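Below is one structure, written out as structure tokens, with a few remarks after it.
The values are calculated or read from the model by the stated rules, or taken from the named source; none is laboratory data. For clarity, every value in this text was computed on a predicted model and none was experimentally measured. Glycine gets a Cβ as well: all are built from the backbone with ideal geometry, and neighbour counts include every protein chain shown.
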Amino acid sequence: MAKTIQAVRGMNDILPGESAAWQFLEATLRRVISSYGYREIRLPLLEKTELFKRSIGEVTDIVEKEMYTFDDRNGDSLTLRPEGTAGCVRACMEHGLLHNQIQRLWYAGPMFRHERPQKGRYRQFHQIGIEAFGMEGPDIDAEVIFMTAQFWRALGLDDAVLQLNSLGTPGARAGYRDALVAYLRGREAELDDDSRRRLDSNPLRILDSKNPDMQPVIAGAPQLSEYLDADSRAHFDELCGLLDAAGIAYEVNPRLVRGLDYYSKTVFEWVTDKLGAQGTICAGGRYDGLVEYLGGRGTPAVGFALGLERLIALLEACGIEPQGANPHLYLVLSGDMAVRQGMVFADELRNAVSGLRVQCNCGGGSFKSQFKRADRSGAELALVIGDEEAGRDEVTIKPLRAGGEQETVARQAIVQRLGELLALEQI
Ligand code: HAM
């Protein structure tokens with residue numbers, strides 16, 4: 001027999017048993033996002049490779065090692081998007097959405113990075129991202145962080161910690177960069193190969209190294225905060241004041257530099273210790289220089305992205321169950337007349353009660369086998385129509401989960417009775 005074909009490593013199927021959690025997560029996040037007045041933008045999965053090289057930065061892990069890049073049939077180099085910000089900026093510039101305008105946008109979908117797969121780190125993963133354009137003050141930084149705090153509240157999560165830092169303006173960072181390089185040169189013998197290579201090209205990224213041997217060198221390095229320009233410092237202080245006023249706790253982490261080059265001023269990450277090594281569930285910051293760098297008119301911008309696989313894992317780790325996964329009702333239908341009436345009756349119920357989930361037995365079967373299917377469906381109640389009920393316009397209700405007696409009611413009375421049994425106002 002031929003060997004069966006399996007999925008690409010690091011690219012996961014989301015199976016029916018998991019999709020309810022995804023739908024609950026996505027619906028909750030979308031509700032919060034729209035409560036802030038953000039509008040959706042839908043973007044292609046493929047972009048020209050140049051876009052990512054220029055925006056994320058040539059000397060980053062993503063661009064150096066992780067992109068899915070190929071030549072298409074015309075010989076153009078294309079890349080499966082490793083993140084959403086670059087494409088969003090490209091689209092906004094291309095369609096004239098930025099000039100003299102404010103935009104509050106969101107997007108969702110799969111991203112692709114050829115990383116080493118492990119728990120919480122995949123080659124195809126999903127983000128929901130937010131990008132706000134045209135506002136330079138710390139109030140909009142605060143708004144997007146408030147939104148993240150609302151996500152956790154709406155999802156029932158309370159253990160993530162907000163880490164915050166300011167990377168300053170490019171000018172301030174250049175001064176810091178010189179001081180950092182001078183320090184690192186003094187300890188060059190202790191640097192690993194990656195860091196030595198980055199010493200000239202991207203020394204700030206050395207601070208982000210996960211190599212344990214590098215940690216003593218990193219701990220002794222000068223801190224960016226000592227080199228911040230006055231404008232960035234005031235921006236950061238005001239942001240902290242806004243978060244304080246809202247009661248949103250944060251830790252200032254001077255080592256937070258982020259793995260993408262486009263950031264300036266505010267950067268932040270929400271981190272949990274419940275997921276092992278891949279504990280960052282949300283990350284972002286300000287990128288005031290990117291639009292201009294890509295050839296547009298200078299436009300301040302700030303945003304973040306959530307890692308949905310990690311949020312799903314966190315919901316599970318916290319025992320948070322998705323609502324609304326299983327059918328409320330499973331119709332057990334025995335006999336030709338019952339099948340004919342039952343299919344129509346099921347639609348009448350769906351029309352009468354908005355949000356009611358009804359699964360109808362199809363494919364016949366004995367009462368016993370139909371009840372087995374009813375049980376496996378996860379439904380609260382079985383509604384039974386056999387020959388007897390069919391002849392009398394009745395239906396028998398059998399509770400499948402909560403216990404309680406079986407009862408037979410007239411079909412005209414069913415909606416009211418279901419309301420009592422299922423707490424239908426919650427549907
Ligand atoms: P990022 O930090 O590269 O930022 O990714 C954001 C989030 O996506 C991470 O915190 C993590 O939860 C999730 N993530 C990243 N890589 C993987 C992976 N291989 N497997 C599973 N989850 C992953 C960005 O992408 C920026 N575009 C965010 C942003 C928007 N900044 C400004 N606007």
Inset, instruction - Report whether or not THR272 is of a type in the set (S, T, N, Q) and either buried (at least 18 other Cβ atoms within 10 Å of the Cβ) or more than 12 Å from the ligand (Cβ to nearest atom) (or both). - result: yes
Inset, instruction - Give me the pairs, please: first residue somewhere in the stretch 270-285 and farther than 15 Å from ALA317 by Cα, second residue anywhere and small (Gly, Ala, Ser) and within 6 Å of the ligand (Cβ to nearest atom), beta-carbon distance under 6 Å, and either six or more positions apart or on two chains. - result: GLY284/GLY303
Legend entry - Checklist (1) free of Cβ contacts under 8 Å to residues at least 60 places away in the same chain; (2) surrounded by fewer than 17 Cβ atoms within 10 Å (Cβ to Cβ); (3) in contact with a Pro (Cβ under 7 Å, 6 or more places away or on another chain) applied to LEU224, failing item: (2)
Inset, instruction - Restrict the check to the stretch 162-183 and report whether at least one residue is out of contact with any helix residue (DSSP H, G or I) (no Cβ under 6 Å at 6 or more places or on another chain), assigned by TED's automatic domain parsing to the domain that holds TYR263, acidic (Asp, Glu) and surrounded by fewer than 16 Cβ atoms within 10 Å (Cβ to Cβ). - result: no
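Give the residue, chosen from GLY241, GLY247, that is free of Cβ contacts under 8 Å to residues at least 24 places away in the same chain, in contact with a Pro (Cβ under 9 Å, 6 or more places away or on another chain), surrounded by fewer than 19 Cβ atoms within 10 Å (Cβ to Cβ) and over 21 Å from GLY57 (Cα atoms). Don't jump to the end; show me each part of the working.
Details: GLY247 fails: in contact with a Pro (Cβ under 9 Å, 6 or more places away or on another chain).
On inspection, the qualifying residue turns out to be GLY241.
Quick one: which strands (runs of 3 or more DSSP E) sit completely within the stretch 313-418 and have at least 2 residues that are surrounded by fewer than 17 Cβ atoms within 10 Å (Cβ to Cβ) and among the β-branched types (Val, Ile, Thr)? Reasoning before the result, please.
Numbers: elements: 329-333, 358-360, 381-385, 394-399, 407-410.
Strands (runs of 3 or more DSSP E) meeting the threshold: 407-410.
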Legend entry - Sole residue being within 13 Å of the ligand (Cβ to nearest atom), modelled with pLDDT of 95 or more and not charged (D, E, K, R), chosen from PHE146, PHE151: PHE151
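Here is a list: LEU157, LEU105, LEU162. Which entry is within 14 Å of the ligand (Cβ to nearest atom), closer than 24 Å to ARG31 by Cα and assigned to a loop (DSSP other than H, G, I, E, B)? Give the steps one after another, and end with the answer.
Details: LEU105 fails: assigned to a loop (DSSP other than H, G, I, E, B); LEU162 fails: assigned to a loop (DSSP other than H, G, I, E, B).
Only one candidate passes the filter, namely LEU157.
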Legend entry - Every pair of residues 6+ apart whose Cβ atoms lie under 7 Å, when the first sits in the stretch 36-50 and is in the same structural domain as LEU105 (by TED's automatic domain parsing) while the second is assigned to a loop (DSSP other than H, G, I, E, B): LEU43/GLY84; LEU45/ARG81; GLU47/ARG81; LYS48/ASP76
Inset, instruction - State the number of residues belonging to the stretch 303-324 that are more than 8 Å from the ligand (Cβ to nearest atom) and in contact with a Lys or Arg (Cβ under 9 Å, 6 or more places away or on another chain). - result: 5
Inset, instruction - Give the stretch 112-142 a look and list any residue that's closer than 28 Å to GLU292 by Cα and touching a Phe, Trp or Tyr at 6+ places or on another chain (Cβ under 7 Å), or say none. - result: PHE112, ILE128, GLY129, ILE130
